[in-house]
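The values are calculated or read from the model by the stated rules, or taken from the named source; none is laboratory data. Computed from a prediction, not measured in an experiment: that's the story for all the values here. Ideal geometry is used to build each Cβ from the backbone, glycine not excepted, and the neighbour counts take in all protein chains shown.
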Amino acid sequence: MPTNRPDNPDSDYDLIIIGGGCSGLSLAAALCRLAVQPEHVPRTLIVEPRSRYTNDRSWCFWAQADHNNQARQESYGSEAVDTAADLIAKSWPSWEFSAESESHRHTSGEGWHYHYVPSIRFYEQVEEQLAQNPKITLLKSARVSEVKPVEDCLELVLESGSDVTESASRVVTAGQIVDTRIPDQIDIGSSMLKQVFFGLEVRLETPHRMEDVAQVMKDMRVDNEGFMFDYVLPLDRHTLLVEFTRFAAKSLPAESLRPDALESLRRMCGDASFQIVREECGVIPMGLSGSAVSTDPRWIYTGLGAGAARPSTGYAFKRIQRWAEICAEGILKEGKAQGFPPDRALLMWMDKVFLRTIASNPALAPQLFMSLASKVSADRLLRFLTDRPGMQDLLAVMLALPKLPLIRCAFAEIYAGIVTANRSHTWHEVR
Ligand SMILES: Cc1cc2nc3c(=O)[nH]c(=O)nc-3n(C[C@H](O)[C@H](O)[C@H](O)COP(=O)(O)OP(=O)(O)OC[C@H]3O[C@@H](n4cnc5c(N)ncnc54)[C@H](O)[C@@H]3O)c2cc1C
């Protein structure tokens with residue numbers, strides 16, 4: 001992006017990325033990767049409150065694998081190289097869904113694997129990449145407390161990150177901003193469902209006896225609070241990642257699920273002794289009622305608040321990588337950052353109907369997921385889950401699901417759409 005904006009190199013930037021998490025770092029890495037020369041990257045500042053990165057999450061996704069089991073490179077109309085390929089710590093050729101005594105194992109006929117990236121590998125690799133590019137600065141231990149659009153730029157107030165005791169603030173300016181925070185106007189609690197989970201990575205004294213299969217939805221079940229399941233990844237013969245997960249209608253702190261995760265672990269490991277080596281937890285919105293949009297074209301939102309997570313699954317990592325490639329290309333070629341691309345309308349509608357069905361009939365959820373696993377082939381289901389279904393895949397998914405509750409919820413969704421449209425119409429009239 002050849003601009004001459006910066007007057008003061010310590011405070012004026014072409015681009016400021018708010019948040020050095022998955023989206024912010026993915027964009028910065030894509031800028032480094034796609035720029036023909038490092039100096040073609042615009043002067044960029046990434047502001048991140050953390051003082052250091054930790055292994056705070058496990059990113060898993062499906063991708064086609066080459067003969068080394070590494071995720072195959074993908075191209076989105078560019079020379080895009082799959083960032084995740086060399087970060088993968090483990091891949092599974094099969095994955096399983098189970099409820100009560102029934103289980104369905106899926107293996108792709110088209111070479112898809114389920115891949116696992118420990119977040120610390122990603123953070124460290126991107127930090128190394130950024131250290132080699134003089135045009136990008138990663139400022140840790142700092143947070144953005146205010147953004148003020150002024151005539152020819154955007155002013156940002158920076159303060160110390162939460163883990164820094166002394167507080168100092170300074171003002172920096174940007175030609176444009178990519179904001180990865182979840183903005184205040186987005187209420188995660190209002191999303192149709194919240195995927196709330198708590199995970200324990202444990203080292204077992206004696207090897208476990210589990211097969212080398214990713215248990216993506218194990219023991220699907222229902223209680224008074226709704227639908228839940230375990231997510232189990234055998235990382236090696238002695239190491240398991242066990243996450244207890246709920247699709248909750250009400251807001252729920254993720255930490256409150258720790259005892260459930262321990263119980264799931266105990267059920268799986270019996271009396272075997274283990275040591276907890278790491279914990280992770282989170283809340284992912286499923287079916288946000290709106291997504292973050294800024295009124296200033298120089299300030300775009302991205303990440304979870306802007307629709308990064310697929311509503312029906314909560315998977316976001318690969319979608320963020322795809323967006324980062326597109327956004328970096330836009331910045332390098334046209335000098336303009338781009339927000340999250342909208343999903344295909346039919347896919348989004350199906351996701352909403354699916355979520356509405358689960359939200360209003362949690363007891364049906366195990367049956368819905370087991371029907372999909374048993375009636376839709378692995379490759380069709382994968383194309384659906386990874387955002388690229390053809391019409392036949394969509395049809396196969398629809399036909400696999402029980403009709404009556406879905407039809408009811410489809411009508412409810414149409415009604416909700418009409419009410420929302422009428423509301424926004426009235427709002428414009430009042431203005
Ligand atoms: C434990 C966990 C496991 C997950 N596992 C998977 C998975 O297996 N597969 C998958 O597809 N998705 C997964 N996800 C979902 C999704 O991929 C991640 O949440 C991902 O990190 C979202 O990226 P993001 O950039 O939107 O948010 P983040 O990565 O959280 O980045 C936002 C950044 O903004 C920073 N920030 C906040 N406030 C400020 C401020 N005022 N100023 C500056 N910076 C600020 C934060 O410190 C943070 O670094 C998981 C999520 C969690 C929490």
Which of the residues that make up the range 292-331 are over 17 Å from residue 59 (Cα atoms), near the ligand (Cβ under 10 Å from one of its atoms) and either surrounded by fewer than 20 Cβ atoms within 10 Å (Cβ to Cβ) or not assigned by TED's automatic domain parsing to the domain that holds residue 179 (or both)?
none
What residue, among those in the range 269-302 that are at pLDDT below 90 and β-branched (Val, Ile, Thr), is farthest from residue 350 (Cα to Cα)?
295
Which condition number does residue 120 fail, the rest of (1) surrounded by fewer than 19 Cβ atoms within 10 Å (Cβ to Cβ); (2) modelled with pLDDT under 95; (3) of a type in the set (Val, Ile, Thr) being met?
(2)
Has the range 190-201 got any residue that is within 14 Å of the ligand (Cβ to nearest atom), closer than 17 Å to residue 98 by Cα and aromatic (Phe, Trp, Tyr)?
no
Among the residues of the range 33-72, count how many are within 16 Å of the ligand (Cβ to nearest atom) and at pLDDT below 85.
1
Residues of the range 343-395 that turn out to be free of Cβ contacts under 8 Å to residues at least 24 places away in the same chain, of a type in the set (A, V, I, L, M) and either crowded, with 20+ Cβ neighbours inside 10 Å or under 22 Å from residue 319 (Cβ atoms) (or both), as a count:
2
The number of residues in the range 210-260 that are in contact with an Asp or Glu (Cβ under 9 Å, 6 or more places away or on another chain) and in a strand (DSSP E or B) is 25
Take residue 181 and tell me if it is within 10 Å of the ligand (Cβ to nearest atom), touching an Asp or Glu at 6+ places or on another chain (Cβ under 6 Å) and basic (Lys, Arg).
no
Quick one: count up the residues across the range 92-111 that are surrounded by 18 or more Cβ atoms within 10 Å (Cβ to Cβ) and either closer than 13 Å to residue 376 by Cα or not acidic (Asp, Glu) (or both).
8
Name every residue in the range 101-116 that is farther than 13 Å from residue 374 by Cβ and either in a strand (DSSP E or B) or in contact with a Lys or Arg (Cβ under 8 Å, 6 or more places away or on another chain) (or both), in order of residue number.
107, 111, 112, 113, 114, 115, 116
Residue by residue through the range 123-137, note down the ones that are among the aliphatic types (A, V, I, L, M) and surrounded by fewer than 19 Cβ atoms within 10 Å (Cβ to Cβ).
131
For residues in the range 216-268 being among the charged types (D, E, K, R) and farther than 24 Å from residue 102 by Cα, which is modelled with the lowest pLDDT?
250
Checked the range 188-205 for anything farther than 22 Å from residue 349 by Cβ and either under 17 Å from the mean Cα position of the chain (by Cα) or not in a loop (DSSP other than H, G, I, E, B) (or both); matches are 189, 196, 197, 198, 199, 200, 201, 202, 203, 204
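For the range 7-61, give me each residue that is part of a strand (DSSP E or B) and charged (D, E, K, R).
Filtering the range 7-61 down to residues part of a strand (DSSP E or B) leaves 12-18, 44-47, 58-61.
Those that are part of a strand (DSSP E or B) and charged (D, E, K, R): 12, 14.
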Cβ-Cβ distance below 9 Å, separation of 6 or more or different chains: which pairs start in the range 194-215 with a residue that is surrounded by 14 or more Cβ atoms within 10 Å (Cβ to Cβ) and modelled with pLDDT under 95 and end on one that is part of a strand (DSSP E or B) and hydroxyl-bearing (Ser, Thr, Tyr)?
208/239
Find the residue count for the range 83-142, including only residues that are in contact with a Cys (Cβ under 8 Å, 6 or more places away or on another chain) and hydrophobic (A, V, I, L, M, F, W, C).
4
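If I go through the range 266-288 residue by residue, how many of them are of a type outside the set (D, E, K, R), part of a loop (DSSP other than H, G, I, E, B) and farther than 30 Å from residue 174 by Cα? Steps first, please.
The first filter runs over the range 266-288 and keeps only residues of a type outside the set (D, E, K, R), leaving 268-270, 272-277, 281-288.
Cutting the leftovers down to part of a loop (DSSP other than H, G, I, E, B) gives us 270, 272-273, 287-288.
Applying the additional criterion that residues be farther than 30 Å from residue 174 by Cα yields 270, 272-273, 287.
Summing the residues that are of a type outside the set (D, E, K, R), part of a loop (DSSP other than H, G, I, E, B) and farther than 30 Å from residue 174 by Cα in the range 266-288 gives 4.
Conditions (1) outside the structural domain of residue 227 (by TED's automatic domain parsing); (2) under 28 Å from residue 280 (Cβ atoms); (3) charged (D, E, K, R), marked per residue:
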{"site": "123", "(1), (2), (3)": "yes, yes, no"}
{"site": "132", "(1), (2), (3)": "yes, no, no"}
{"site": "182", "(1), (2), (3)": "yes, yes, no"}
{"site": "196", "(1), (2), (3)": "no, yes, no"}
Reported set for the range 240-291 where residues are under 20 Å from residue 56 (Cβ atoms), under 23 Å from the mean Cα position of the chain (by Cα) and among the polar types (S, T, N, Q) is 245, 256
When the range 14-40 is checked residue by residue, the ones that are more than 22 Å from residue 120 (Cα to Cα) and surrounded by 24 or more Cβ atoms within 10 Å (Cβ to Cβ) are 15, 16
